[in-house]
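To start, the structure under review is shown below, and the notes come after it.
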Amino acid sequence: MATAVIVDGIRTPFVKAGGPLTDVDAPELGRMVVRELLDRNNFDPAAVDELIAGNVASPADSANVARVIALRCGMSQASIAHTVNRNCASGMESVTEAVAKIESGEAGCVVALGVDSMSNIPVFWKKRFAEKLFSVVKGRSPLQKLGAITRFRPSDFQPQIGIEMGLKDPVSGLMMGDTAEKLAREYDISREEQDAFALRSHQRAVEAWKEDRLSNQTMTAYAGKKANPIEQDIGPRDNQSLTALGKLKPYFDRRWGTVTVGNSCQVTDGGVALLIMEEETAKIHGLQPLGRIRGSAYAGCDPARMGLGPVYASAKALKDSGMKLSEMELVEINEAFAAQVLACLKGFENPPQDCAAYEDRTLLGPLDQEKLNVNGGAIALGHPVGATGARLVLTALRELERRDQRIGLATLCVGGGQGAAVIVERIAA
């Protein structure tokens, strides 16, 4: 079996939705980050066999956004591209699929991309509005059109917000934030604990940028009519405080809840690209690998408790790889919600009965938080849904490199009741 290696990776700055990247759609976000990745490695786009893009908020005018990005960044028309959607784990799915393609011999070089422009998630109208509007269009005379117009009612003009629709699970009927509230109650996680965790995310992200720890994984993006440069993540708050977080009202359960916009991930635009090759191909091109995927796993769980997905997936990935959580030198858990991450930490110590670690308690166990999200997480950096899984892989590998360490875990929960996890291994130069 061929050996797949991650040669390099780069990401755009992560920018809050509605911010400077508002007018940059997913195809352009993807194009700019893939092109930057290939240019930095002096690698001919035409030599890429395939591009796999993780994307959730699929643009209506770019149904297979991967193919659009591939052609726009200069890849050959003979190359192939496809888009994957595993909700929050889409970016991670693109990485594991790329590795599988190379290990099976189907490809020698694959770009794994995660991208989402959450600023451009559309607003929808109710079906009855569309039907009445269509009647206006079909009207053959001014009188027929006027008659169709008179059938509109004020309630027809109430839009359905696409992002809110996407954050509601159709099986459990719960908003993602409600699943976090459920875990907060189940694991007795207080509002104070959640706010303290959120503050730490901001503090670590701000410190990481001040100490220049993230610049080697982040490109400069240009946006707007004046092509203003964006060099850093727009999300981490230098002045964040427990006092400010404490003033925020619960967002999902307005009366009894503890989950706020302050201790939840930010809605964000961004893209991440990784150059993945067969090991011998990298040698031929004179490229030094950054790392490899030592093991990976996806696992299902109760959609109403989807935040525990990392517990299930991590246990499975570690078991399949013959490793233990205690061996991980770094751990990245996506901060969908502070309550969700804190619940996972408790779940690592006491796994649910239907988890692979329930019978083998040596797989998981207590996690030293000094190893966890050392450069902050999605509460500060943001969570472009289709991109985050790829960012976790890139962030973990770059931090292992900086610390001269070898092995780490990247994991995240997945809306709909799944978890995803990969074990990353740094390859020393």
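The values are calculated or read from the model by the stated rules, or taken from the named source; none is laboratory data. Keep in mind it's a predicted model, so treat the numbers as computed, not measured. We place every Cβ from the backbone using ideal geometry, glycine too, and count neighbours over all the protein chains shown. The area values use the complete protein model at the heavy-atom level, side chains included, leaving out ligands, DNA and RNA. Shrake-Rupley method; radii C 1.70, N 1.55, O 1.52, S 1.80 Å.
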Counting only heavy atoms of the protein chains, get the accessible area per residue of region 41-122 (1.4 Å probe) and round it to a whole Å² value.
36 Å²
Within the set A208, A184, A317, GNM on the chain using Cα springs under 10 Å gives the largest fluctuation to A208
Can you grab the distance from the C-alpha centre of region 45-123 to the C-alpha centre of region 238-297, Å, no decimals?
19 Å
Counting heavy atoms of the protein chains only and a 1.4 Å probe, report the per residue accessible area for region 270-368 as a whole number of Å².
36 Å²
Structure-based [θ]222 nm, the chain - -39500 (n - 2.57) summed over DSSP H runs of at least 4, per residue, nearest 500
-10500 deg cm²/dmol
Using θ = phi - 60° and the Karplus curve 6.51 cos²θ - 1.76 cosθ + 1.60, what whole-Hz ³J(HN,Hα) does each residue of region 291-299 get, with Gly and Pro shown as x?
x, 9, 8, 7, x, 8, 7, 10, 9
Amide H partners (placed H, <5 Å) of S296, local residues excluded
I423
Ordering of 270-277, 150-157 by packing [mean C-beta count within 10 Å, highest first]
270-277, 150-157
Express the accessible area of region 375-414 per residue in Å², computed with a 1.4 Å probe while the remaining protein chains stay in the model.
17 Å²
Between T220 and R402, Cβ-based FRET efficiency (R0 30 Å, step 0.05) works out to 0.90
Distance in nm between pseudo-label sites at T362 and K145 (7 Å out along the Cβ direction from Cα):
7.7 nm
GNM of the chain, Cα pairs under 10 angstrom: of G19, G166, G91, the biggest fluctuation goes to G19
Out of the total accessible area of the chain (probe 1.4 Å, heavy atoms of protein only), what percent is carbon and sulfur?
50 percent
Please list, by residue number, everything in region 176-192 whose backbone N is under 20 Å from a paramagnetic label point 7 Å out along Cα→Cβ of R254.
176-182
Over its alpha-carbon atoms, region 144-277 yields an Rg and a Dmax in Å of 20.9, 67
In a GNM of the chain with a 10 Å cut-off on Cα contacts, which of G262, G74, G382 has the highest mean-square fluctuation?
G74
Dimensionless Rg ratio for the chain, taking C-alpha atoms and the 2.2 N^0.38 Å reference:
1.01
Between the modelled labels at E280 and E131 (7 Å from Cα along Cα→Cβ) the distance in nm is 6.2 nm
